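Encoded as structure tokens, the structure appears first; notes follow it.
Please treat every number below as a calculation from the coordinates, not as lab data. Predicted model, so just to flag it, every value in this text is computed and none were measured. Cβ atoms come from the backbone with ideal geometry, glycine included; neighbour counts cover every protein chain shown.
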Amino acid sequence: MTALYHAVAANDVEKVRELLAQGADPNDGESFYHSTEHRDLGSLRLLLAHGARVKGSNAVNHMLDREDPVGLRLLLVAGADLEENAIHGASALQWAIFRRRGAEIVTMLLDAGAKIDSVGSDGRHAYARAALSGMTQVAQLLASRGADTSLSPLERAIAEGGDYPPYNGSAKDAKVMAAQAAMHRTEVVKQLIEAGYPVSARGDELGATPLHWACWKGYPDLAELLLAHGASLSIEDSRFNATPAGWLDHGMKNCHEHGADYGSVRRMINSTLRPNDQA
């Protein structure tokens with residue numbers, strides 16, 4: 001890593017200024033991307049002033065990992081490409097909804113030319129993704145701007161209530177449970193299980209199962225539900241090859257989810273380990 005990267009990572013704005021004045025390359029492949037991680041946008045502003053390129057940097061989607069309209073506006077003015085599919089195959093609008101950004105952020109993206117009906121890697125358009133996430137205000141905004149508001153029977157049941165359609169073997173629908181688990185929507189997960197959806201189905205993000213998310217975020221109510229219905233403790237995610245217990249260990253150190261109870265989840269995991277499971 002470059003000296004500029006280390007200065008940006010430490011949010012040492014004066015050091016960033018000094019290095020750029022000495023000729024450091026603002027397009028070193030890391031510094032600009034990581035400058036979006038700080039609430040203080042001083043490093044990002046300096047990099048832009050010295051020719052940092054937004055396109056191809058993944059910076060827009062990374063900025064959307066938090067609610068920061070000021071930072072996003074800087075990137076939009078600098079020529080962001082909102083359809084470059086920077087992270088996990090998601091356009092900026094898709095990623096904003098996936099990260100549960102608010103109506104102000106979504107409005108900014110639409111006003112900047114984001115394609116309202118772009119389809120994500122899971123085959124869902126923006127309105128369906130917002131509806132599945134319980135983002136009523138954003139869904140209404142998208143509808144008012146002309147979005148495709150069609151929903152599958154499962155999407156409608158989750159978004160509006162009603163009976164869940166029985167699982168029909170659809171790989172696309174099976175992935176829904178992991179996404180709902182990641183949002184701590186335990187009642188939705190319960191209804192999906194009761195409708196026959198596979199309890200250990202991998203989701204789109206990192207190939208993680210619902211139990212991976214319950215462990216990472218320290219949700220004992222969700223972990224208890226999943227384990228009671230036979231969720232696998234040995235299945236590995238597709239990115240890090242880690243079991244749910246591995247995600248629990250990592251989450252205890254790095255997730256910091258509000259209201260998490262990792263101790264309770266750990267006790268459940270330990271009491272449920274089966275002969276073929278990996279701790």
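Would you be so kind as to identify which of Val77, Gly56, Trp216 lies farthest towards the positive end of the dipole of the chain, taking Lys and Arg as +1 and Asp and Glu as -1 on Cβ and the Cα centre as origin?
Of the listed residues, the answer is Trp216.
If you put +1 on each Lys and Arg Cβ and -1 on each Asp and Glu Cβ, how big is the dipole of the chain around its Cα centre, in Debye rounded to 20?
That gives the chain a dipole magnitude of about 100 debye.
Kindly express, to the nearest 10 degrees and within the range 0 to 90, the angle between helix 262-272's C-alpha long axis and the longest C-alpha principal axis of the chain.
Roughly 40 degrees, rounded to the nearest 10.
Over all directions, how big on average is the projection of the convex hull of the alpha-carbon atoms in the stretch 31-184, in square nanometres?
9.1 nm²
Using DSSP to call loops (not H, G, I, E or B), can you name the chymotrypsin sites (Phe, Trp or Tyr not before Pro) in the stretch 172-279 whose Cβ has at most 14 other Cβ atoms within 10 angstrom?
Details: sites: Trp213, Trp216, Phe240, Trp247, Tyr262; in loops: Phe240.
Of the chymotrypsin sites (Phe, Trp or Tyr not before Pro), the ones in loops of the stretch 172-279 whose Cβ has at most 14 other Cβ atoms within 10 Å are Phe240.
Determine which residues of the stretch 103-134 fall in the zone a paramagnetic label at Glu83 would reach in this model, i.e. backbone nitrogen under 16 Å from the point 7 Å along Cα→Cβ.
It comes to 109-121, 125-126, nothing else.
Would you work out if the stretch 34-88 is rounded, prolate or oblate? Take a ≥ b ≥ c from the square roots of the eigenvalues of the alpha-carbon gyration tensor; rounded if a/c is under 1.5, else prolate when a/b is larger than b/c, oblate otherwise.
It is oblate, given that a/c is not under 1.5 and a/b is not larger than b/c.
So, in nm, how far is label Arg145 from label Lys190 when the simple model puts each one 7 Å beyond its Cα toward the Cβ?
Here the modelled spin labels are 3.5 nm apart.
Using alpha carbons only, how many angstrom separate the centre of the stretch 57-71 from the centre of the stretch 208-260?
Cα centres, the stretch 57-71 to the stretch 208-260: 26 Å.
Using the basic label-point model (7 angstrom from Cα toward the beta carbon), what is the Arg73 to Ala3 distance in nanometres?
Taking the simple label geometry, Arg73 and Ala3 are separated by 3.5 nm.
For the pair Gln22/Lys55, report the inter-label distance in nm, with labels modelled 7 Å from Cα in the Cβ direction.
Placing both labels 7 Å beyond Cα along the Cβ direction yields 3.2 nm.
Could you state the per residue volume, in Å³, of the convex hull enclosing the Cα atoms of the stretch 165-279?
91 Å³
What FRET efficiency, computed as 1/(1 + (r/R0)^6) with R0 = 35 Å and r the Cβ-Cβ distance, is obtained for Lys115 and Leu273, rounded to the nearest 0.05?
0.15
Go through the stretch 200-210 residue by residue and turn each phi into a ³J(HN,Hα) via Karplus (6.51, -1.76, 1.60, θ = phi - 60°); whole Hz please, and just put x for glycine and proline.
Once rounded to whole Hz, the list reads 10, 5, 6, x, 6, 7, 6, x, 8, 8, x.
What is the gain in length, in nm to one decimal, between Ser264 and Asp40 on full extension, counting 0.36 nm per residue of separation less the C-alpha to C-alpha distance?
Here the segment from Ser264 to Asp40 would lengthen by 77.0 nm.
In debye, nearest 20, what is the charge dipole magnitude of the stretch 165-279 about its Cα centre with +1 on Lys and Arg Cβ and -1 on Asp and Glu Cβ, if you could check? Display every interim value, and only then the final one.
On the way: 11 positive and 13 negative charges, 20 e Å.
For this selection, approximately 100 debye.
Which order do the peptides 61-69, 177-185, 12-20 come out in when sorted by mean C-beta neighbours inside 10 angstrom, highest first?
177-185, 61-69, 12-20
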